[in-house]
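Structure record follows, encoded as structure tokens.
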Amino acid sequence: MTSPRGAYINNPDVFYYLVFGSMLFFSAIIGIIFAISGVHKSHKDYLMAGRTLHCGPVALSLTASFMSAVTVLGTPAEIYRFGTSFVLFAVAYMLMVTISAEVFVPVFYRLGISSTYEILYTGIVIYSPSLALNQVTGFQLWGSVAATGVVCIFYCTLGGLKAVIWTDVFQFLLMIMGFLSIIIRTMVIKGGLGPILDDARHGRRISVIDFNPSPLQRHTFWTIIIGGTFTWLGIYGVNQAQVQRYLACKSQHHAKLSLYINLVGLWITLFSATMCGLSMYSVYKDCDPWSAGFVKAPDQLMPYLVLEILGDFPGIPGLFVAGTYSGTLSTVSSSINALAAVTIEDIIKPNFTLSERGLSWASISMSKFALCLGMAAIASVMGALLQAALSIFGILGGPLLGIFSLGILLPFANAKGAFSGLLCGIVITLWVGIGSQKYPPSIHRTLPLSLTTKNCPKLNVSVVTQLATILPPSPSPRYVQHFLQEYWYSLSYLYFSALGTIVTFTVGSIISLVTGKIFKSRTKLTAFVVFLN
């Protein structure tokens with residue numbers, strides 16, 4: 001397949017393989033180095049890095065873990081299609097980091113708290129860079145999915161959490177270099193930053209802040225600030241892959257400081273991805289590759305753009321794919337390590353008597369690789385990567401945030417209330433989440449911006465026709481479904497986490513009051529939370 005400007009897809013040069021292979025090689029070397037240094041002495045050294053880490057590398061690891069390939073591929077496509085309203089997440093990140101550092105870190109620093117939705121998210125981030133590899137190199141899609149898991153397991157198995165942390169640092173730098181290569185090259189093509197911003201303004205990509213209070217609009221000031229804060233709080237506040245990094249810090253002060261430094265990393269990543277989205281629009285404002293059929297999905301636009309503008313530079317396409325793949329390696333390795341920690345602490349240690357070395361080797365076997373591949377298959381049918389990832393964070397992360405908040409904030413909470421609240425929260429969020437997948441919100445809720453193919457070579461498609469093509473047709477629901485589809489299933493995906501948290505917390509509070517005495521001991525609640533984990 002060729003691009004409209006003559007860039008050849010699926011024809012990488014030797015420099016591509018050299019750059020990409022170097023990334024894999026250095027990731028593996030880091031694992032080998034820490035294996036030699038003795039991380040297998042005890043399961044604490046292997047899973048918790050001996051609680052000796054400083055805030056700097058932990059901060060970059062926090063940023064890399066959940067920015068991942070979903071950010072590299074999904075955020076620029078989001079900006080390209082919907083404009084810069086997504087940048088408001090910078091405020092949501094700030095609120096989330098402050099709450100996590102000042103509320104959750106002091107409580108969790110001495111506890112091994114875990115979460116349950118690593119596996120499905122891991123499936124998404126395994127699948128997403130495979131799209132890039134498939135688009136740019138012609139590698140078999142599921143072959144690259146399997147390769148991702150194998151590489152991650154290799155250095156996780158050898159080096160434990162220390163290897164995960166330091167490979168995250170290396171991979172974060174690669175992600176940013178990939179972004180910068182696109183931004184700089186586009187500025188050279190367009191003659192500077194000014195023309196890129198002018199194109200964005202004329203194409204209405206520089207979004208005016210929408211203060212519409214409706215929770216049904218996909219992105220407004222309120223959905224991003226409120227919903228985004230709840231969504232990311234479920235990740236940074238109670239997620240095992242993140243909390244495990246706090247526990248690995250040498251002190252609570254370093255744990256808090258790592259979060260605040262991580263905030264800068266989140267802002268840098270968000271700004272870089274936004275500029276890539278605007279650069280993409282500047283290049284394709286008169287010929288949208290997705291609408292023209294040159295790519296099959298919006299999430300393939302970034303690797304397509306790389307081939308378009310950087311294909312003549314030896315090795316640079318490999319740098320982008322290496323950066324994308326690095327994001328996935330970071331997230332998957334974090335999840336593998338976190339899942340191992342949960343299994344060891346909550347299943348093996350309470351039921352089996354093993355030596356420290358035995359626990360270390362048991363940790364190595366807890367990869368969950370086959371299950372992650374199964375989740376990758378589910379991810380392949382979930383639509384746009386960015387929205388799919390954040391939806392999962394909300395659907396399962398919200399109820400978990402609610403139950404932990406219940407235990408922390410209410411002294412009278414008990415196990416019955418926690419179980420009832422969690423059950424109700426999960427049922428409600430699954431209901432709205434699955435319904436929104438089956439009945440996507442209508443166009444006036446999502447408000448995608450116009451795209452055109454008017455200047456695409458060998459095409460003669462009018463703007464009106466093209467808009468009819470790119471916008472999904474409005475469904476014709478039965479009367480019984482109309483209310484659910486137009487209102488309940490149209491709830492902004494960013495509110496899934498807030499909905500789950502509120503339902504879980506409210507139901508849990510009421511049931512705890514009804515079934516227990518106020519200020520009753522929370523021993524049963526603590527046991528229930530440990531059981532869940």
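The values are calculated or read from the model by the stated rules, or taken from the named source; none is laboratory data. Keep in mind that what you see is a predicted model, and the values were worked out from it rather than measured. Backbone-built Cβ (ideal geometry, glycine too); neighbour counts: all protein chains shown. Remember, those area values only see protein heavy atoms, side chains included, never the ligands or the DNA or RNA. Shrake-Rupley method; radii C 1.70, N 1.55, O 1.52, S 1.80 Å.
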Residue in the range 505-527 that is in a loop (DSSP other than H, G, I, E, B), modelled with pLDDT of 50 or more and closer than 17 Å to residue 428 by Cα present: no
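Quick one: is residue 274 of a type in the set (Ser, Thr, Tyr), within 16 Å of residue 205 (Cβ to Cβ) and not in a loop (DSSP other than H, G, I, E, B)?
yes
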Breaking point among (1) touching a Cys at 6+ places or on another chain (Cβ under 9 Å); (2) at pLDDT below 85; (3) open to solvent by 10 Å² or more (accessible area, probe 1.4 Å); (4) not hydroxyl-bearing (Ser, Thr, Tyr), for residue 164: (3)
Those residues of the range 243-256 which are within 16 Å of residue 96 (Cβ to Cβ) and surrounded by fewer than 23 Cβ atoms within 10 Å (Cβ to Cβ), in sequence order: 256
Only one of 407, 374, 383 that is open to solvent by less than 40 Å² (accessible area, probe 1.4 Å) and modelled with pLDDT under 70: 374
Inter-residue pairs, beta-carbon under 9 Å, first under 9 Å from residue 511 (Cβ atoms) and free of Cβ contacts under 8 Å to residues at least 40 places away in the same chain and in the range 412-440, second small (Gly, Ala, Ser) and open to solvent by less than 50 Å² (accessible area, probe 1.4 Å), 6+ apart: none
Matching residues in the range 218-258 - criterion: being in a helix (DSSP H, G or I), within 24 Å of residue 502 (Cβ to Cβ) and not hydrophobic (A, V, I, L, M, F, W, C): 223, 227, 228, 229, 231, 234, 236, 240, 242
Scope the range 52-65; condition open to solvent by 10 Å² or more (accessible area, probe 1.4 Å) and within 19 Å of the chain's Cα centre (by Cα); matching residues: 60
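Can you tell me which residue within the range 184-201, out of those that are surrounded by 17 or more Cβ atoms within 10 Å (Cβ to Cβ) and closer than 18 Å to residue 312 by Cα, is farthest from the chain's Cα centre (by Cα)?
Per the stated criteria, the residue is 190.
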Among the candidates 428, 395, residue that is at pLDDT 85 or above and β-branched (Val, Ile, Thr): 428
Checklist (1) under 16 Å from the mean Cα position of the chain (by Cα); (2) crowded, with 20+ Cβ neighbours inside 10 Å applied to residue 267, failing item: (2)
Qualifying residue in the range 205-214 (condition: open to solvent by 10 Å² or more (accessible area, probe 1.4 Å), in a helix (DSSP H, G or I) and touching a helix residue (DSSP H, G or I) at 6+ places or on another chain (Cβ under 9 Å)): no
